[in-house]
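**Student:** I am attaching a structure below and will ask some questions about it afterwards.
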Amino acid sequence: AGEGPFVTAGFYLWDHRPLVDAFRKQIMADPNAWLAVEKALADHGLELEDGAPVKRMPKGFEDEAGGPLEAALKKTQWLVGRRLTGAELADPNLPTLIADFAAQVRPLFAFGWRALRGVRIDPKAGG
């Protein structure tokens, strides 16, 4: 925040507990797929933002403390951002740049879509 223009993509779920829980359960159900998402992002020079992490390991995931999935499991948001320069903002090809960014983030989207498929939430709950 306060560092200039940017584009962000991913899953902002912090106030919808069933969604956060489903995402975490998918990470545990298929840890290799999750690690592949992190690698795919890194291959494009991208990394997940801090993601409003909880301080302690979430209930039911305590055994993962100190492991390679700890940071991912503590998140309540799984987002990737990219700063934009003034030249990029003024460029008529900005929509293409954003589309390319979204394509680079697609592994995260695909993982999240699998995690959240079929999860029901109360539209009155949360934000």
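The values are calculated or read from the model by the stated rules, or taken from the named source; none is laboratory data. Because the structure is predicted, anything quoted here is derived from the model rather than measured. Every residue, glycine as well, gets a Cβ built from its backbone with ideal geometry; the counts of neighbours run over all protein chains shown. What goes into the accessible areas is simple: the full protein's heavy atoms, side chains included, and nothing from ligands, DNA or RNA. Shrake-Rupley method; radii C 1.70, N 1.55, O 1.52, S 1.80 Å.
**Student:** Per residue, how much accessible area does the chain show when a 1.4 Å probe rolls over the protein heavy atoms, in square angstrom?
**Tutor:** For the chain, the per-residue accessible area is 62 Å².
**Student:** Report the extension gain between residue 87 and residue 30 in nm, rounded to one decimal, defined as 0.36 nm multiplied by the number of residues separating them, less their alpha carbon distance.
**Tutor:** Gain in length upon complete extension: 16.5 nm.
**Student:** Further question on the same structure: Show that you can apply the helix-only estimate: for the chain, add -39,500 (n - 2.57) for every DSSP H stretch of four or more residues, divide by all residues, and state [θ] at 222 nm to the nearest 500.
**Tutor:** My calculation for the chain gives -14500 deg cm²/dmol from helical runs alone.
**Student:** For the chain, calculate the relative contact order in percent as a whole number, restricting contacts to Cα pairs under 8 Å that are 6 or more residues apart.
**Tutor:** RCO, the chain: 44 percent.
**Student:** Right, here's the next one. Using the crude model of +1 on Lys and Arg Cβ and -1 on Asp and Glu Cβ, and no other charge, please compute the dipole size for the chain relative to its Cα centre, in debye to 20.
**Tutor:** In total the dipole reaches around 540 debye.
**Student:** Also: Can you bin every Cα-Cα distance in the range 18-106 into 10 Å intervals starting at zero and give me the percent of pairs per bin, rounded to whole numbers?
**Tutor:** Pair shares across the bins are 15, 42, 26, 13, 4.
**Student:** Could I ask something else about it? Enter the angle in degrees (range 0 to 90, nearest 10) between the Cα long axis of helix 94-116 and the first principal axis of the Cα atoms of the chain, meaning the one along which they spread out most.
**Tutor:** 10
**Student:** Another question about this same structure. Identify the residues of the range 73-93 with backbone N under 18 Å of a label point that sits 7 angstrom from the Cα of residue 50 along the Cα-to-Cβ direction, or state none.
**Tutor:** Counting only backbone N, you get 73-83.
**Student:** List the residues, sorted by chain then number, that are 5 or more residues from residue 49 or on another chain and whose placed amide H is less than 5 Å from its amide H.
**Tutor:** Those qualifying (amide H under 5 Å, at least 5 residues apart or on another chain) are 79, 80, 81.
**Student:** Could you put 78, 14 in order of accessible surface area, largest first, with the 1.4 Å probe and the full protein assembly present?
**Tutor:** Values: 78 0, 14 130 Å².
Reading off the accessible areas and sorting them downward yields 14, 78.
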